[in-house]
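The values are calculated or read from the model by the stated rules, or taken from the named source; none is laboratory data. Predicted, not measured: the structure shown is a model, and the values here were computed from it. Neighbour counts run over all protein chains shown; Cβ positions are idealised from the backbone, glycine included. Accessible surface is based on the protein model in full, side chains and every heavy atom, while ligands, DNA and RNA are left aside. Shrake-Rupley method; radii C 1.70, N 1.55, O 1.52, S 1.80 Å.
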Amino acid sequence: MTDLVTALGEDLPPDLVDSAADWDLKVTGDDAVLECGAGAFPLRFPGLLDDWPAAAADSAYHISNFAALLRGHHPSTVVDNFPAFVPFLAHGGQAGMIPPNTAWIVAVRVTEACRELMVQAVRDGDMIASRLLPLVHRARFLLLSAPTRYGADVSYPTETVFNNSHVYAARFDQARLEWALDLLNYEDHPLLRRWSSHRIDTELRRLVFVHDSSGGASARAPLCPGGTAPPTGGDPSNDGHDELATWIAREGFLPRFMLDESWSATRQVVGARRWLALPIGLLTLPVVGLVVGLAGGRHVDGLWILRGMAISAAVALAVIAGFAVWRRETAQLWCMRLPAGATIGMIALVALPEDWAQMDWSTRAWAVPALILAAHGYLVLEAVGHGASRGQALTRAFRVVVLGFAHAVGVVALAFATVVPSLVPKLGGPLASMSGPAMAAAVLFAACVGLAAGVYAQVLWDDRPVTYPLTHLPFRGRERA
């Protein structure tokens with residue numbers, strides 16, 4: 001229970017922690033009692049540990065009764081301080097003398113009742129309840145996800161806490177969604193606005209993965225819907241039933257440029273993880289061709305290199321499109337706004353006089369790094385604006401630059417090999433006769449222009465980050481603009 005108690009107590013306001021320091025939990029028979037250390041009053045929950053009937057309505061009835069009990073006995077004390085009570089409830093009292101499985105049942109049932117009480121208080125205009133409700137949502141989610149997250153250490157009685165596995169699954173999913181909505185809209189909540197970027201990232205990972213660290217894919221077992229245990233047998237896919245995970249990846253991970261987490265979440269939901277790696281390999285082939293062209297001598301035929309790059313880029317785009325038709329969730333893996341913007345940059349570049357294609361390498365030497373740095377700098381600002389810390393923004397933006405550059409090289413190779421010779425014959429002729437290094441230099445320069453255009457063209461579209469799926473209209477959320 002130590003890990004759960006630690007998680008429940010993270011980043012609580014100091015005034016709440018101080019208010020709960022004198023409280024304790026006692027269990028007598030089936031009754032639970034919250035006692036104030038100063039002896040002011042006890043808060044008794046008669047029959048809290050009874051076995052409830054299996055009907056879903058009965059569970060709701062008992063929880064409503066406990067909420068009414070809280071409402072009738074010192075509701076302001078509970079509403080004003082409850083998030084700080086939860087850690088010691090889960091700990092089994094200040095001394096931890098209550099068995100962990102019993103303490104967990106107490107914490108879960110009391111939290112369900114308190115959430116019901118606080119939701120009603122918010123409806124009645126209680127500003128303190130409105131301020132603290134997100135922390136109650138968080139505590140509820142952490143408690144209900146504990147069997148999946150910490151089940152190796154404690155045998156959590158998930159079958160008896162509500163005496164109905166379907167009720168447990170429904171309440172788990174509700175708790176997860178409520179906390180996800182609060183977290184994705186953290187700027188609307190004063191207490192969450194104080195959290196660091198690292199804390200927000202950790203909480204986002206907890207919504208999707210069993211582990212909350214930033215480790216590799218091996219540390220990212222999926223937190224399955226309904227609070228079920230992650231599947232065994234090597235493939236963590238749950239056949240796509242966890243739509244919430246892809247939504248969190250799109251609305252939480254991608255705006256913060258958390259590409260690794262987005263990939264892990266989406267691939268686990270979609271399945272076919274090995275096949276989803278195919279477009280990555282295909283996207284790298286045009287870049288490999290670019291390197292071969294730059295390293296080759298003048299005897300290397302630039303046209304053949306260009307055609308090879310164009311073919312691999314076309315196959316990559318066809319595979320990406322095929323995956324998107326098969327499972328639309330895969331479209332958010334590739335940051336498709338980047339190649340769309342690179343296409344705009346390519347159109348603008350081709351419209352210029354064709355002299356740029358025949359400039360020697362020394363003329364382009366300063367333009368290439370300048371364009372890359374300009375794109376990276378803009379992405380850093382965008383990542384910081386979406387909540388990433390400065391250090392995180394530098395590394396995450398670099399990954400987006402690498403992906404955007406691979407997209408841009410493919411777009412340029414396709415344009416040079418197919419469209420440009422027909423639309424701009426004055427440019428197509430010189431390109432067809434170029435040597436390998438000259439062709440690669442022209443592609444490199446055009447790709448950097450396309451990368452910068454793909455990044456900066458984002459301001460012309462809508463208020464979405466460059467990593468967001470292309471032309472997607474979101475429907476989920478408390479409010480839709």
- Query: Using alpha carbons only, how many degrees (0 to 90, rounded to 10) separate the axis of helix 367-385 from the longest principal axis of the chain?
  - Reply: 20
- Message: Which one, 405, 143, 325, is farthest towards the positive end of the dipole of the chain when Lys and Arg carry +1 and Asp and Glu -1 on their Cβ?
- Response: 405
- Message: Given contacts defined as C-alpha pairs under 8 Å and at least six residues apart, what's the relative contact order of the chain, whole-number percent?
- Response: 13
- How many angstrom separate the Cα center of the range 6-28 from the Cα center of the range 193-207? 21
- Query: How large are Rg and Dmax for the range 51-115 when only the alpha carbon atoms are used, in Å?
  - Reply: 12.5, 35
- Query: Among 380, 21, 133, which residue has its Cα positioned farthest towards the positive end of the charge dipole of the chain, with +1 placed on the Cβ of Lys and Arg, -1 on the Cβ of Asp and Glu, and the dipole taken about the Cα centre?
  - Reply: 380
- Query: Long-range amide H contacts for residue 470: which residues qualify at under 5 Å (H placed 1.01 Å from N, peptide plane, sequence gap of 5 or more or a different chain)?
  - Reply: 336, 337
- For the chain, evaluate the Debye formula with one uniform point scatterer on each Cα (no solvent term) and list log10 I(q)/I(0) at q = 0.06 Å⁻¹, rounded to two decimals. -0.37
- Query: Using the Cα gyration tensor of the range 1-138, with a ≥ b ≥ c the square roots of its eigenvalues, what is the shape: rounded (a/c below 1.5), prolate (a/b larger than b/c) or oblate (neither)?
  - Reply: rounded
- Item | Angle in degrees between helix 165-184 and the longest Cα principal axis of the chain, rounded to the nearest 10 | 60
- Task: Convert each backbone phi in the range 393-405 into a coupling constant with the Karplus relation 6.51 cos²θ - 1.76 cosθ + 1.60 (shift: θ = phi - 60°), then list the ³J(HN,Hα) values in order as whole Hz, x for Gly and Pro.
- Result: 4, 4, 6, 5, 5, 4, 5, 5, 4, 4, 5, x, 5
- Message: With a 1.4 Å probe and all protein chains kept in place, how much accessible area does residue 179 have, in Å² rounded to the nearest 10?
- Response: 0
- Message: Just to confirm the number: angle between the C-alpha axis of helix 75-91 and the first principal axis of the chain, 0 to 90 degrees, nearest 10?
- Response: 80
- Task: Could you tell me whether the range 144-186 comes out rounded, prolate or oblate from its Cα gyration tensor? Rule is a ≥ b ≥ c as square roots of the eigenvalues, rounded for a/c under 1.5, then prolate if a/b exceeds b/c, otherwise oblate.
- Result: oblate
- Query: Mind checking the dipole of the chain: about its Cα centre, +1 per Lys or Arg Cβ, -1 per Asp or Glu Cβ, Debye to the nearest 20?
  - Reply: 1700
